[in-house]
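The values are calculated or read from the model by the stated rules, or taken from the named source; none is laboratory data. Computed from a predicted structure; not experimentally measured. Cβ atoms come from the backbone with ideal geometry, glycine included; neighbour counts cover every protein chain shown.
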Amino acid sequence: MTDYVVISTVEREQDPASEVLFTVPVQLLDPSHPQVSPEARIEILRARYHQQMIADGIETGHFAMDANGQLSCRTRLPLPSFLGFMFEAFLVNAFNTRMSSVGRAAFEWCSNRERTRDEYIKQFKAVGTGFISTSNVHPHLHAPQSNLDIVFVRKRPNTEISEPALVLGTTLTAGIQVKAIRGNERQEIVDPILAGSYSRVITVLDHEDGIHSRNVCVRIAQELYRQGTITLDQMHIVERSVLSPEMIGLDQREINDYYQYVSYWYQGRANTDQLVSLALGMEVKSFKYGPSGLLVPV
């Protein structure tokens, strides 16, 4: 399939002559349209997200240059863990490229602030605590094992030192844990919140039945309260501490499309039972660091 689709009209079904109306990039087509075949859907998602997936994989350290100067993927991670890393990079990019809207909502939520001024929010950018770029640019913030996957940083006044935003009125670093799961929410999200391990969690995926993971977390907390296992205050803490992408202004369809493409690529190319080394056919020089601070395709 080419990068463009020709839109044409045909007078009669057998008439070989057709009138070309216009051509459109593949990625502009709706992959969810009922008349789009599964094969065409994959091509549309590939056109939209393949380079983004590579850039995200480089940032998270799961793609790297091999001896031939090509990018390779090496991972032993199961799909949910791999997706979690990829969505960390996806969200950081979304926050930074849309800081006045999506980024502001995420920042205010995790730092307990309200109605931040434009001049204030422009001082910050989101970084992934486990990213390669964070290790290079902000080594003092590089913490791959942190319970905060994403933090917001700004330059300390009159210095070149970057410092993380704090939760308002505290000395605690404001940040977000990212989850890309479709089950096991109590052990993965609810219990860590109740134990104080996580303070803010964005869980990105819908379950196969269409119920969002965030709604599952809320239902679990409500059931625990009805059982008398937790208090009303604890139930409300869980409700406040977990968000879905749409609650900060992201389109869930975009999340689902990225999930489907990364899952398709991973399942078709990777075997979780053994080390995978796969040439991606994309040279590192075709990427650069953009204004968001993330590696992006040229």
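The table below gives the values:
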quantity: For Asn112: the one exception among (1) touching a residue at least 60 places away in the same chain (Cβ under 8 Å); (2) surrounded by fewer than 18 Cβ atoms within 10 Å (Cβ to Cβ); (3) in contact with a Lys or Arg (Cβ under 6 Å, 6 or more places away or on another chain); calculated: (3)
quantity: Number of the condition not met by Ile161 [criteria: (1) at pLDDT 95 or above; (2) over 18 Å from Leu83 (Cβ atoms); (3) of a type in the set (A, V, I, L, M)]; calculated: (1)
quantity: Evaluation of Ser213 against (1) without any contact (Cβ under 8 Å) to a residue 40 or more places away in the chain; (2) closer than 26 Å to Glu254 by Cα; (3) out of contact with any Asp or Glu (no Cβ under 7 Å at 6 or more places or on another chain) (one fails), failing number; calculated: (3)
quantity: Residues that are in contact with a Phe, Trp or Tyr (Cβ under 7 Å, 6 or more places away or on another chain) and of a type in the set (Phe, Trp, Tyr), drawn from the stretch 92-133; calculated: Phe107, Phe124
quantity: Scope the stretch 184-210; condition polar (S, T, N, Q), without any contact (Cβ under 8 Å) to a residue 40 or more places away in the chain and part of a loop (DSSP other than H, G, I, E, B); matching residues; calculated: Asn184
quantity: Meets criteria (hydroxyl-bearing (Ser, Thr, Tyr) and more than 21 Å from Glu88 (Cα to Cα)) for Thr231; calculated: yes
